[in-house]
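Data first, discussion second: the structure below is written as structure tokens.
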Ligand SMILES: Nc1ncnc2c1ncn2[C@@H]1O[C@H](COP(=O)(O)OP(=O)(O)OP(=O)(O)O)[C@@H](O)[C@H]1O
Ligand SMILES: [Mg+2]
């Protein structure tokens, strides 16, 4: 519970800010690029929704959470290792690996899809505001676009990505932290390696899931 | 009773423990002394199963600990309290929660009973005022005392203290030594203290084991150390401080 709170709510401000600006930028870019009378304005809303749901709120938010939450997990567990806190758990008859890692994996697998949905909403809404505010896309068109061609399958695809990414963001850095040897320098190095490996694994998995589900 | 038989341990190429055989005196304080890096912590961690020795036997009352399963080890570990060299308090928990933790693992006391008992142990180490502080808010000496309270809160038969008074001023060191020796006689624990503090050796060193480069070089009582200057490694270690060297020269030992 504490983990869910820290990792979920703790990431809300960051996710809000990023989703807000990206939603806005997508709308401006799309609008300025399709400056033609033949292309209906509602496509702007449609594009914003598709980009947010399919890719941005899962993959980009995932990468950002790797940097924020993943490095924190590796550092936390790594510090517990080098300060003998993990040894202390073992002495007290605790299976330290599952005691430390399981709650984090659970927390992120549950919280990541929720963050994803939240990011979708913030991004799509911010696009709507910017479209209306700048006059690039009237409110009505935007709403039609955002609701156009809504496929449940794509939501499923995004949710599966969010679940898988949540698992990676928690488990890979935990592993790196758990097996740290040495001192503070090694903890820092392990945290960096954890971020790099998780990012790469996340991107590869993104490709695999996309090929399996969308092709 | 803890007995070690022919323990060897290497980390990679480096042989850290060589043929260590010893028997700790039950119900008393046992000191493991030796220079930094001589392998004292490694011995303690082998005994409690945090390191696996390469060969040899570790017997708890004639049961070989090395070959036990996790559940059998867990049973033995209920009887072990361990104060780590760096205290190893759980950062995310308050002092009180730290002391309650072993009880949560090993006992079926109610939450209220655990709190009461933890308070009692904190009183024993004179930290009643620090219940709600976090480890980062404590001084080094306070951390050691919380570590001791946590180590004894599961009412262990065996109490390990890895350098309980390193990094503390001489007065606080004496207080900690007295505390451990009081707890040892009150709770009738077999206590194993790792130290290189000669003050501790002189005041609580009934049973001393001197480790030199991974080997058991000498064992005996503190009185025998003074009467036995013929062992070169031991007397080099004991009279390492320049103050003692001068004194020794003066009285022609
Ligand atoms: N986990 C480990 N991996 C590799 N080498 C280790 C490990 N733990 C200890 N060593 C090595 O084993 C040797 C003995 O270490 P140990 O910690 O037992 O010494 P110590 O007697 O407790 O010293 P100190 O008084 O400084 O605490 C050292 O040379 C150390 O470098
Ligand atoms: Mg040591």
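The values are calculated or read from the model by the stated rules, or taken from the named source; none is laboratory data. Because the structure is a prediction, the values reported are computed rather than measured. Note that we place each Cβ from the backbone using ideal geometry, even for glycine, and neighbour counts take in every protein chain shown.
Give the residue, chosen from A:73, A:101, that is touching a helix residue (DSSP H, G or I) at 6+ places or on another chain (Cβ under 6 Å), closer than 20 Å to residue A:6 by Cβ and within 14 Å of another protein chain (Cβ to nearest Cβ). Let's see the steps before the verdict.
Numbers: A:101 fails: within 14 Å of another protein chain (Cβ to nearest Cβ).
One residue alone meets the criteria, A:73.
Counting just the residues of segment B:123-135 that are at pLDDT below 95 and in a helix (DSSP H, G or I), which one comes out surrounded by the fewest Cβ atoms within 10 Å (Cβ to Cβ)?
B:129
Out of A:86, A:124, report the one residue that is buried (at least 22 other Cβ atoms within 10 Å of the Cβ), more than 8 Å from chain B (Cβ to nearest Cβ), out of contact with any strand residue (DSSP E or B) (no Cβ under 9 Å at 6 or more places or on another chain) and modelled with pLDDT under 95.
Sole residue among the options that is buried (at least 22 other Cβ atoms within 10 Å of the Cβ), more than 8 Å from chain B (Cβ to nearest Cβ), out of contact with any strand residue (DSSP E or B) (no Cβ under 9 Å at 6 or more places or on another chain) and modelled with pLDDT under 95: A:124.
Provide a single number: the residues in segment A:177-196 that are under 24 Å from residue A:61 (Cβ atoms) and surrounded by fewer than 18 Cβ atoms within 10 Å (Cβ to Cβ).
3
Checking residue B:20 against (1) more than 16 Å from ligand 1 (Cβ to nearest atom); (2) touching a helix residue (DSSP H, G or I) at 6+ places or on another chain (Cβ under 9 Å), which test does it fail?
(1)
Residue pairs, Cβ under 6 Å, 6 or more apart or interchain, first in segment B:88-106 and closer than 13 Å to residue A:94 by Cβ, second modelled with pLDDT of 95 or more and surrounded by fewer than 17 Cβ atoms within 10 Å (Cβ to Cβ). List them.
none
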